[in-house]
1. Condition first: of a type in the set (A, V, I, L, M) and touching a helix residue (DSSP H, G or I) at 6+ places or on another chain (Cβ under 7 Å). Now tell me which residues in segment 80-137 satisfy that.
2. Looking at segment 191-212, which of its residues are closer than 12 Å to residue 143 by Cβ, of a type in the set (Gly, Ala, Ser) and either without any contact (Cβ under 8 Å) to a residue 40 or more places away in the chain or surrounded by fewer than 19 Cβ atoms within 10 Å (Cβ to Cβ) (or both)?
3. Looking at 38, 59, can you tell me which residue is out of contact with any Phe, Trp or Tyr (no Cβ under 7 Å at 6 or more places or on another chain) and assigned to a loop (DSSP other than H, G, I, E, B)?
4. Among the residues of segment 47-78, write down those that are surrounded by 23 or more Cβ atoms within 10 Å (Cβ to Cβ) and touching a Cys at 6+ places or on another chain (Cβ under 6 Å).
5. Of the residues that make up segment 2-10, is at least one surrounded by fewer than 19 Cβ atoms within 10 Å (Cβ to Cβ), in contact with a Phe, Trp or Tyr (Cβ under 7 Å, 6 or more places away or on another chain) and either in contact (Cβ under 8 Å) with a residue 24 or more places away in the chain or part of a loop (DSSP other than H, G, I, E, B) (or both)?
6. Filter segment 160-198 for residues that are under 24 Å from residue 219 (Cα atoms) and β-branched (Val, Ile, Thr); which is modelled with the highest pLDDT?
7. Within the set of pairs 6+ apart or on separate chains, which have a first residue in segment 87-103 that is closer than 25 Å to residue 160 by Cα, a second that is among the aromatic types (Phe, Trp, Tyr), and C-beta atoms under 8 Å apart?
Amino acid sequence: MKTFDLADESVSNLNQALHLPASGGLEFMVLNPGGKHCVAVGAVADTRITIEGHVGYYCAGMNQNAEITIHGNAGPGLAENMMSGKVRVTGNASQYCGATAHGGLLVIEGDAAARCGISMKGVDIVVYGSIGHMSAFMAQTGRLIVLGDTGDSLGDSIYEARIYVQGKPKSLGTDCVQKSMRDKHKNELGALLVQAKVSGVDISGFKRYGSARELYNFKIDNLSAY
């Protein structure tokens with residue numbers, strides 16, 4: 001295991017080590033992150049990274065293949081543009097976590113703030129707690145699972161992403177509607193909860209939300225919604 005103590009070493013040195021394909025198979029321990037920004041950004045190999053403490057914005061951005069665990073809270077933009085791999089935060093995440101992410105699994109054991117999963121493009125996001133307003137705005141593909149409640153305008157202008165919520169949405173955004181939970185959706189949800197290490201949850205308590213597909217093409221009757 002290689003240890004980086006960010007009280008003495010720079011974030012740049014840490015990230016440079018993670019940008020090397022030769023880091024694959026190694027384990028990294030990051031100590032004293034102290035809320036620093038851009039920690040563990042751009043990891044490219046199947047590296048296991050453990051961060052002991054709180055991080056600032058854009059932690060684990062552009063992740064590829066690495067498994068990153070943050071024992072603390074994360075600032076804005078956690079796992080932004082993530083491509084693959086796994087990112088887990090044991091605390092809360094600030095705004096737009098998982099924004100534009102193309103793949104992989106993002107798990108937040110606490111709550112997530114506004115715009116969680118905005119413009120997601122294939123990532124799977126599991127939030128143990130609740131999420132803020134405008135989450136999954138313009139979400140294109142991927143799955144967002146929320147065990148708690150959601151803020152206003154959930155799934156506004158959503159495309160083909162699927163949202164599963166155990167709690168109650170404060171309101172749904174434009175073109176987002178509740179949809180039926182078929183067996184394939186229950187199986188999909190169950191598999192994702194297992195991947196996120198969620199146990200003891202009754203799948204029957206979840207509701208599914210997605211696109212009504214009324215904004216795909218311009219209609220004069222919908223002018224006020226554009």
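1. First, pick out the residues of segment 80-137 that are of a type in the set (A, V, I, L, M): 82-83, 87, 89, 93, 99, 101, 105-108, 112-114, 118, 120, 123, 125-127, 131, 134, 136.
Matches in segment 80-137: 105, 126.
2. Just the residues of segment 191-212 that are closer than 12 Å to residue 143 by Cβ, to begin with: 191-193, 195-196, 206, 208-210.
Narrowing further to those that are of a type in the set (Gly, Ala, Ser): 191, 196, 210.
Result: 191, single match.
3. Working: 38 fails: out of contact with any Phe, Trp or Tyr (no Cβ under 7 Å at 6 or more places or on another chain).
The conditions single out 59.
4. Hits for segment 47-78 are 74, 78.
5. Within segment 2-10, the first condition is being surrounded by fewer than 19 Cβ atoms within 10 Å (Cβ to Cβ), and the residues that meet it are 2-3, 5, 7-10.
The next check asks that each one be in contact with a Phe, Trp or Tyr (Cβ under 7 Å, 6 or more places away or on another chain); those that pass are 2.
Now drop any that are not either in contact (Cβ under 8 Å) with a residue 24 or more places away in the chain or part of a loop (DSSP other than H, G, I, E, B) (or both), which leaves 2.
Checked segment 2-10: at least one residue is surrounded by fewer than 19 Cβ atoms within 10 Å (Cβ to Cβ), in contact with a Phe, Trp or Tyr (Cβ under 7 Å, 6 or more places away or on another chain) and either in contact (Cβ under 8 Å) with a residue 24 or more places away in the chain or part of a loop (DSSP other than H, G, I, E, B) (or both).
6. Top of the filtered list is 177.
7. 94/57
Matching residues to (1) under 24 Å from residue 82 (Cβ atoms); (2) polar (S, T, N, Q); (3) not in a strand (DSSP E or B):
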position	(1), (2), (3)
129	yes, no, yes
135	yes, yes, yes
139	yes, no, yes
177	no, no, no
210	yes, no, no
217	no, yes, yes
224	no, yes, yes
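The values are calculated or read from the model by the stated rules, or taken from the named source; none is laboratory data. Nothing here was measured: the structure is a model prediction, and the numbers come from that model. Please note: Cβ atoms are built from the backbone with ideal geometry, for glycine as well, and neighbour counts cover all protein chains shown.
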